[in-house]
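Before any comments, here is the structure.
The values are calculated or read from the model by the stated rules, or taken from the named source; none is laboratory data. All values reported here derive from a predicted model rather than from experimental measurement. Ideal geometry is used to build each Cβ from the backbone, glycine not excepted, and the neighbour counts take in all protein chains shown.
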Amino acid sequence: MTGFDPTLADIAEMAISWRRDFHAHPEVGFKEVRTAARIAELVRSFGVDEIETGIAGTGVAARIRGRFQGDGPRIGLRADMDALPIAENGNAPYRSTMIGQMHACGHDGHMAMLLGATRYLCETRDFAGEIVVIFQPAEESGHCGAREMIRAGVLERFPVDEIYALHTLPGRPVGEISLRPGPVMSAFDSFDIEIEGRGAHASKPQQSRDPIVTGAHLITALQTLVSRSVDPLEMAVVSVCELGAGTVNNAIPETARLSGSVRTYKKVVQDVVEERMRDIARGFEISFGVHIDVRYSRVQPPTVNAAAQVQKATRALEERGITVNLALPPSSGAEDFAFFLQERPGAFLRIGNGDSAALHNPAFDFNDRALAAGIGALVAIAEASGDAGPSAVRSADPR
């Protein structure tokens, strides 16, 4: 690429075409075959020093070495690749060509921003140490692609001292970067509750052990779990999202099932919610003479930003003239980047998408005007050294 002018503005223009290509060809979790191939093709053309594909199925990781001598930090930058099983209702010329699939959470933009940063960093190499770029499959739908890449050894073959990710955020000014120390996204737990009673004819309910009535009482009781068991200064959300029982209108069924999710920021609150849910279920077993099986799964941990890395990133962004918002409250949504932050200190940042449709909405579209700011933010973090450098980070327990 001799003679290439590596300005962020030029690269942002290229990133628009990359982003729209990804948007037109979305692929859901662990099926990002075309997406990963295109990313690998571009990353190789940029001149990375090392690349590996097929990590946890479709993941891609690459290394860029800086041109300065010295023991600089090893910084990881991650973008997610997968789309959602949602039918798009937009009319853009680059709208999804895949029936029932679309990039409704901005991952097309995340990939384009990281590709732009990768190209810039390969051209300039204006840093010491190494940059590792990670393109991760299957962030959506509880597939936990981050966890699977870690299990596949990505951090052993591409070691980093700290790691960062950037995610779009509707409703905030285009290009504004939001971050904060501590929890920024919640843990995601799921529960499935099976109620086994005794069926009977609808005209003789006294002969039943009614799982539907039990389930109705159980749902109501679960709504008091947070208000009466969790410290009001802590955050917890318990939502029953599915309910199923019976097939006809004149027979009480044998069984009923309900399921839902729990959101918390702290393990101690997770523990309280799970324990009290099981306690409540045991109480209703006795009260209604049924058997209740509670299956509780801790799917994703909370996403917790390290204070030192937030401070470092904030300083790097502000020095580049990028608007930083440190006051955005944490979200009750979940994000599997949390698995990377359990292994290495780092930060999860949000970039404003303007007045757009909400995430996971059929009308959502990543705002191309945010690409330049996102690429600039990733570059600023990659080129920063500061107080959270390698000597401090590598001596610490990364967990």
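What tally of residues in segment 82-109 results from selecting those that are on the phi > 0 side of the Ramachandran plot and exposed (fewer than 15 other Cβ atoms within 10 Å of the Cβ)?
Going through segment 82-109, the residues on the phi > 0 side of the Ramachandran plot turn out to be 100, 106.
Applying the additional criterion that residues be exposed (fewer than 15 other Cβ atoms within 10 Å of the Cβ) yields 100.
Total satisfying the criteria: 1.
Can you tell me which residues in segment 67-78 are surrounded by fewer than 23 Cβ atoms within 10 Å (Cβ to Cβ) and modelled with pLDDT of 95 or more? Step through it out loud before you land on a result.
Step one: filter segment 67-78 for residues surrounded by fewer than 23 Cβ atoms within 10 Å (Cβ to Cβ), giving 67-72, 74.
The answer is Arg74, and nothing else.
Any residue at all in segment 300-314 that's assigned by TED's automatic domain parsing to the domain that holds Phe348 and surrounded by fewer than 19 Cβ atoms within 10 Å (Cβ to Cβ)?
yes
Can you spot a residue in segment 77-97 that is touching a residue at least 40 places away in the same chain (Cβ under 8 Å), farther than 30 Å from Asn361 by Cβ and of a type in the set (Lys, Arg)?
no
Any idea which of (1) touching a residue at least 12 places away in the same chain (Cβ under 8 Å); (2) surrounded by fewer than 21 Cβ atoms within 10 Å (Cβ to Cβ) is the one Thr224 doesn't satisfy?
(1)
Suppose we filter Arg157, Arg151, Arg147 for residues that are over 18 Å from the mean Cα position of the chain (by Cα) and either surrounded by fewer than 24 Cβ atoms within 10 Å (Cβ to Cβ) or modelled with pLDDT of 95 or more (or both); which single one remains? Talk me through it step by step, then tell me what you get.
Values: Arg151 fails: over 18 Å from the mean Cα position of the chain (by Cα); Arg147 fails: over 18 Å from the mean Cα position of the chain (by Cα).
Testing whether each residue is over 18 Å from the mean Cα position of the chain (by Cα) and either surrounded by fewer than 24 Cβ atoms within 10 Å (Cβ to Cβ) or modelled with pLDDT of 95 or more (or both) leaves just Arg157.
When residues of segment 235-282 are filtered for being crowded, with 16+ Cβ neighbours inside 10 Å and either among the aromatic types (Phe, Trp, Tyr) or part of a helix (DSSP H, G or I) (or both), how many remain?
The number of residues fulfilling the criteria is 10.
Anything in segment 143-201 that is closer than 18 Å to Gly346 by Cα and of a type in the set (D, E, K, R)? List them, or say none.
Arg147, Glu156, Asp161, Glu162, Arg180
Among the residues of segment 120-151, how many are within 22 Å of Gly374 (Cβ to Cβ) and part of a strand (DSSP E or B)?
Qualifying residue count, segment 120-151: 7.
Looking at the structure I just gave you, is Ala334 modelled with pLDDT of 95 or more, under 20 Å from Pro26 (Cβ atoms) and among the small types (Gly, Ala, Ser)? Before the answer, list the steps.
Working: modelled with pLDDT of 95 or more: yes; under 20 Å from Pro26 (Cβ atoms): no; among the small types (Gly, Ala, Ser): yes.
No, not satisfied.
What are the residue pairs meeting all of these: first residue in segment 51-72, first residue within 12 Å of Ala36 (Cα to Cα) and polar (S, T, N, Q), second residue modelled with pLDDT of 95 or more and in a strand (DSSP E or B), Cβ atoms under 6 Å, and 6 or more apart or on different chains?
Note: pairs meeting the criteria are Thr53/Val60.
Identify all residues within segment 113-142 that are modelled with pLDDT of 95 or more and more than 18 Å from Ile64 (Cβ to Cβ); write none if there are none.
Of everything in segment 113-142, those that are modelled with pLDDT of 95 or more and more than 18 Å from Ile64 (Cβ to Cβ) turn out to be Pro137, Ala138, Glu139, Glu140.
Could you say whether any residue in segment 134-144 is of a type in the set (Asp, Glu) and in contact (Cβ under 8 Å) with a residue 24 or more places away in the chain? Break it down into steps so the answer makes sense when it comes.
Within segment 134-144, the first condition is being of a type in the set (Asp, Glu), and the residues that meet it are 139-140.
Those still in the list that are in contact (Cβ under 8 Å) with a residue 24 or more places away in the chain too: 139-140.
Yes, there is a match, as at least one residue in segment 134-144 is of a type in the set (Asp, Glu) and in contact (Cβ under 8 Å) with a residue 24 or more places away in the chain.
For segment 167-185, check the following and say yes or no: at least one residue is crowded, with 17+ Cβ neighbours inside 10 Å and under 30 Å from Ala245 (Cα atoms).
No, there is no match, as no residue in segment 167-185 is crowded, with 17+ Cβ neighbours inside 10 Å and under 30 Å from Ala245 (Cα atoms).
Can you go through Ser190, Ser208 and tell me which one is farther than 26 Å from Leu317 by Cβ, surrounded by fewer than 17 Cβ atoms within 10 Å (Cβ to Cβ) and polar (S, T, N, Q)?
Only one candidate qualifies: Ser190.
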